[in-house]
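In what follows, a single structure is set out as C-alpha cells and then discussed.
The values are calculated or read from the model by the stated rules, or taken from the named source; none is laboratory data. Note that the structure is predicted; figures quoted are calculated from it, not measured. FYI the Cβ positions are ideal-geometry reconstructions off the backbone, even for glycines, and counts take in every protein chain you see.
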Amino acid sequence: MEALMGCNDGLTSKIHMPAFYLAPLEGITGYIYRNAVRDFFGDGISKYYTPFIVVHEKRAMSSKEINDILPEHNEGITLIPQVLTDDPEGFLRIEKKLCEFGYREVNLNLGCPSKTVASKGRGAGFLGRKAALDDFLYSIFERRVMDISVKTRIGEVDTGEFFELLDIFNKYPIKELIIHPRVRYEYYKGSPHRDVFYEGFEKSVNPVCYNGDVNSAGDVAELLKGTGNRLEAVMTGRGMIRNPSLIRTLTGGQPYSKDELLEFLKRILSDYRGVFSGEKPVLQKMKELWSYMQYEFPDREKQISALLKCRSISEYRIMEGAVIASP
Ligand SMILES: Cc1cc2nc3c(=O)[nH]c(=O)nc-3n(C[C@H](O)[C@H](O)[C@H](O)COP(=O)(O)O)c2cc1C
C-alpha cells in the first residue's frame, strides 16, 4: 500500500504505508462501536478484531459473544474474532463454530495482562508456560479448520523471553503475529520496547503486525524507519478511541470535524439505548469512551469532569456539547 502520508506534518513524499487495524478493547470495541467507526471513520481500516471470546467448558459462546460476531451485526467490516483460552479442545470447538458463521481466520489472545486472566495461565499468563504453549499451538495447528493469527506480548516477566517465544511461534504457520512489545507485568505502563520489536520483526518467519502506543503519523514513520520500510501492518487501540479519525488521517484523509464527532457519539449513544434498558449502563459506556477521548480536549478539564459525573443522558448531552462544540 502506498499513500501520501502526513498532510498534517508536512511530509509529501510517496512512501510505503502499512495496513491499519482497529485493536480489540474489551467493553469498548463491540459491534455497536465498530459499526459507528465503519460509518463515520472507516476509511483506511483494513481489519477489526473482536474483544476476546472466553472458552467455557459447557457452552460454546455466550449470547453477548454471539451477538458480537453475527454477520448481520458486522456488515462491511473485515472482522477477526479473537479467542482466549489455554485449552486446545475448547479453542477448536469455538473455531468450528466461528467457521459455521462464515469466518476464515481466528485470533489467539496471548496478550491480556489482567490478573483474573493471566493468573489462570491464559492471555499473557500463557507466555510464562512455554512448553505448554508449544503443545497447545501444536494441537490447534494440527487440527485447525481456518487460519490462525496470534496477538502477543513479548514475555511474561522479562523482554528476553521474546526470543524463546519466537522460536516457538516460528514452528507454526501463523497467519499474522501481532506484537505488543511490553511484557505482562508492565501492563500498559512505560513505553513499548520498540527495539525488541524490530529484532523480533527480523527473526519472525511469519508476517508481523505492530501494536502499542501508535497515536500519530510520527509514530508510524518511526516504525517504518525501524523496519527498513517493510512493516506491513499496524494495529491501534487507545489512540483510535481517543481520536476516532486517527487511521483516516494516517492514510491521507481529514481529521474529524466537531460536527462529525458529535454525530458519531450521538449514533453510539442511540445504538446503546437500543440494547440496554435504563440510562445507567448507556452512560457507563459513554463515560468509558470519554476516559480516552478526554485527552483530545486538554483545555476542557472542568467540563469533562462534569461529564464523567453526570447522572442522566440529558445532562450528558449538554456536557458533551460543552466539551466538543463550544468555542
Ligand atoms: C480496556 C482495554 C481492553 C482491552 N481488551 C483487549 C481484548 O479483548 N483483546 C486483546 O487482544 N487486547 C485487548 N486490549 C489490548 C489492546 O488491544 C492493545 O493491545 C493495547 O491497548 C495496546 O495498544 P494501543 O496502545 O494501541 O491501545 C485491551 C486494552 C484495554 C486498555
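When both residues are 6+ apart or on different chains and their Cβ atoms are under 6 Å apart, which pairs have a first residue that lies in the range 22-41 and is closer than 14 Å to LYS285 by Cβ, and a second that is outside any helix (DSSP H, G or I) and near the ligand (Cβ under 8 Å from one of its atoms)?
Listed by first residue and then by second, the contacts come to LEU25/GLY237; GLU26/PRO51.
Do we have GLY128 as at positive phi and either assigned by TED's automatic domain parsing to the domain that holds PRO24 or touching a His at 6+ places or on another chain (Cβ under 9 Å) (or both) here?
No.
I'd like to know if the range 195-206 contains one or more residues that are surrounded by 15 or more Cβ atoms within 10 Å (Cβ to Cβ), more than 16 Å from the ligand (Cβ to nearest atom) and not assigned by TED's automatic domain parsing to the domain that holds ASP147.
no
Looking at the range 205-232, I want the residues that are closer than 22 Å to TYR49 by Cα and have a partner that is β-branched (Val, Ile, Thr) and assigned to a loop (DSSP other than H, G, I, E, B) with Cβ atoms under 6 Å, at least 6 apart or on another chain. Which pairs are those?
ASN206/ILE174
Between a first residue in the range 303-316 that is under 11 Å from LYS280 (Cα atoms) and a second residue that is surrounded by fewer than 19 Cβ atoms within 10 Å (Cβ to Cβ), which pairs have beta carbons less than 9 Å apart while being 6 or more apart in sequence or on different chains?
Correct list of pairs: CYS310/LYS287; CYS310/ILE318; ARG311/GLU279; ARG311/LYS280; SER312/GLU279; ILE313/ARG273; ILE313/GLU279.
Out of the residues in the range 282-297 that are surrounded by fewer than 17 Cβ atoms within 10 Å (Cβ to Cβ) and either at pLDDT below 95 or polar (S, T, N, Q) (or both), state the one that is nearest to GLY27 (Cα to Cα).
So, considering only residues that are surrounded by fewer than 17 Cβ atoms within 10 Å (Cβ to Cβ) and either at pLDDT below 95 or polar (S, T, N, Q) (or both), the one nearest to GLY27 (Cα to Cα) is GLN284.
Which one is nearest to the ligand (Cβ to nearest atom) among residues in the range 166-184 that are touching an Asp or Glu at 6+ places or on another chain (Cβ under 7 Å) and not hydrophobic (A, V, I, L, M, F, W, C)?
So, considering only residues that are touching an Asp or Glu at 6+ places or on another chain (Cβ under 7 Å) and not hydrophobic (A, V, I, L, M, F, W, C), the one nearest to the ligand (Cβ to nearest atom) is ARG184.
For the range 117-145, which residues satisfy the criterion of being among the β-branched types (Val, Ile, Thr) and either within 18 Å of the chain's Cα centre (by Cα) or modelled with pLDDT under 95 (or both)?
VAL117 - this is the single residue of the range 117-145 that is among the β-branched types (Val, Ile, Thr) and either within 18 Å of the chain's Cα centre (by Cα) or modelled with pLDDT under 95 (or both).
Check ILE80, ILE66, ILE53 and return the single one that is touching a residue at least 60 places away in the same chain (Cβ under 8 Å), at negative phi and not hydroxyl-bearing (Ser, Thr, Tyr).
Numbers: ILE66 fails: touching a residue at least 60 places away in the same chain (Cβ under 8 Å); ILE53 fails: touching a residue at least 60 places away in the same chain (Cβ under 8 Å).
Testing whether each residue is touching a residue at least 60 places away in the same chain (Cβ under 8 Å), at negative phi and not hydroxyl-bearing (Ser, Thr, Tyr) leaves just ILE80.
What number of residues in the range 33-80 are under 16 Å from the mean Cα position of the chain (by Cα) and either loosely packed, with under 14 Cβ neighbours inside 10 Å or more than 19 Å from ILE241 (Cα to Cα) (or both)?
Looking only at that region, the number is 3.
For the range 90-132, what are the residues that are closer than 15 Å to MET146 by Cα and among the charged types (D, E, K, R)?
Across the range 90-132, the qualifying residues are ARG93, GLU95, LYS96, LYS97, GLU100, ARG104, GLU105.
Tell me the helices (runs of 4 or more DSSP H) entirely within the range 24-134 that contain at least 3 residues that are among the hydrophobic types (A, V, I, L, M, F, W, C), out of contact with any Pro (no Cβ under 8 Å at 6 or more places or on another chain) and within 15 Å of the ligand (Cβ to nearest atom).
Passing ranges: none, list empty.
So which residues in the range 235-289 are polar (S, T, N, Q) and touching a residue at least 24 places away in the same chain (Cβ under 8 Å), if there are any at all?
Residues satisfying the conditions are THR236, ASN243, SER245, THR249, THR251.
Of (1) in contact (Cβ under 8 Å) with a residue 12 or more places away in the chain; (2) among the charged types (D, E, K, R); (3) more than 16 Å from the ligand (Cβ to nearest atom); (4) within 24 Å of ILE94 (Cβ to Cβ), GLU161 satisfies all except one. Which?
(4)
Is it the case that the range 112-121 has a residue that's on the phi > 0 side of the Ramachandran plot and free of Cβ contacts under 8 Å to residues at least 60 places away in the same chain?
The answer is yes, given that some residue of the range 112-121 is on the phi > 0 side of the Ramachandran plot and free of Cβ contacts under 8 Å to residues at least 60 places away in the same chain.
Which of the following residues is charged (D, E, K, R), free of Cβ contacts under 8 Å to residues at least 40 places away in the same chain and under 19 Å from GLU142 (Cβ atoms): ARG104, ARG93?
When all the criteria are applied, what remains is ARG93.
Just for the range 208-228: of the residues that are of a type outside the set (Lys, Arg) and exposed (fewer than 15 other Cβ atoms within 10 Å of the Cβ), which one is farthest from the ligand (Cβ to nearest atom)? If you could, list the steps in order and put the result at the bottom.
Looking only at the range 208-228, we keep the residues that are of a type outside the set (Lys, Arg), and these are 208-224, 226-228.
Retained after the next criterion (residues that are exposed (fewer than 15 other Cβ atoms within 10 Å of the Cβ)): 218, 222, 228.
Details: GLY218: 15, GLU222: 14, GLY228: 22 Å.
Going through the qualifying residues, I end up with GLY228.
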